[in-house]
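Trainee: Right, I'll just put the structure down here and ask away after.
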Amino acid sequence: MNSIEFADKCIPYNIKYYELFGYAPSPSDYACTKDEYLEALMKAVEEKREIANYLPKRALHVDGNFD
């Protein structure tokens, strides 16, 4: 799936997620594919649990950048 299609599919779930938790998660914070991220985002909204319950975070380096 290309970036535009991915963003279009995420928008309604990001809105619902924001309503639940006060922020929208960023795919770049998680070690996963776009498909895995979208599936986890949908599940997080459905089950009203934060997305970090479904996906591992990327490693944070000493310099503060994600791997």
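Trainee: Placing one identical point scatterer on every Cα of the chain and ignoring solvent, what is log10 I(q)/I(0) from the Debye formula at q = 0.27 Å⁻¹?
Mentor: Scattering profile of the chain, log10 relative to I(0): -1.21.
Trainee: On a 0 to 90 degree scale, rounded to 10, what angle separates helix 34-47 from the longest Cα axis of the chain?
Mentor: 60
Trainee: Just the number, please: carbon plus sulfur as a percent of the accessible area of the chain, 1.4 Å probe, no ligands or DNA/RNA counted. Show your work: numbers first, answer last.
Mentor: Numbers: 2430 of 4660 Å².
Within the chain, the accessible surface is 52 percent carbon and sulfur.
Trainee: Just the number please: accessible area per residue for the chain, 1.4 Å probe, all protein chains included, in Å².
Mentor: With the other protein chains kept in place, the chain gives 70 Å² per residue.
Trainee: Could you sort the peptides 11-22, 33-44 by per-residue average Cβ neighbour count (10 Å cutoff), highest mean leading? It would help to have the intermediate numbers written out before the result.
Mentor: On the way: 11-22: 13.9, 33-44: 17.0.
Highest-to-lowest ranking by the protection proxy: 33-44, 11-22.
Trainee: Something else: How far, in nm, would the chain grow between R49 and A31 when pulled straight, counting 0.36 nm per residue and subtracting the alpha carbon separation?
Mentor: Numbers: separation 18, 0.36 × 18 = 6.48 nm, distance 1.83 nm.
Length difference between fully extended and current span is 4.7 nm.
Trainee: Given only helices, namely DSSP H runs of n ≥ 4 each adding -39500 (n - 2.57), what is the per-residue ellipticity at 222 nm of the chain, to the nearest 500 deg cm²/dmol?
Mentor: Working: 2 runs with 33 residues, N = 67.
So the calculated ellipticity at 222 nm is -16500 deg cm²/dmol.
Trainee: If you don't mind, another one. Under a point-charge model restricted to the Cβ atoms of Lys and Arg (+1) and Asp and Glu (-1), what is the dipole moment magnitude of the stretch 1-64 relative to its Cα centre, in debye to the nearest 20? Spell out each step's value before the answer.
Mentor: Working: 8 positive and 11 negative charges, 24 e Å.
Using Cβ point charges on Lys, Arg, Asp and Glu, the stretch 1-64 gives about 120 debye.
The values are calculated or read from the model by the stated rules, or taken from the named source; none is laboratory data. What you see is a predicted model, and the numbers here were worked out from it, not measured in a lab. Positions of Cβ are backbone-derived with ideal geometry, glycine not excepted, and every protein chain shown enters the neighbour counts. Just so you know, the surface numbers come from the protein's heavy atoms only, side chains and all, with ligands and any DNA or RNA stripped out. Shrake-Rupley method; radii C 1.70, N 1.55, O 1.52, S 1.80 Å.
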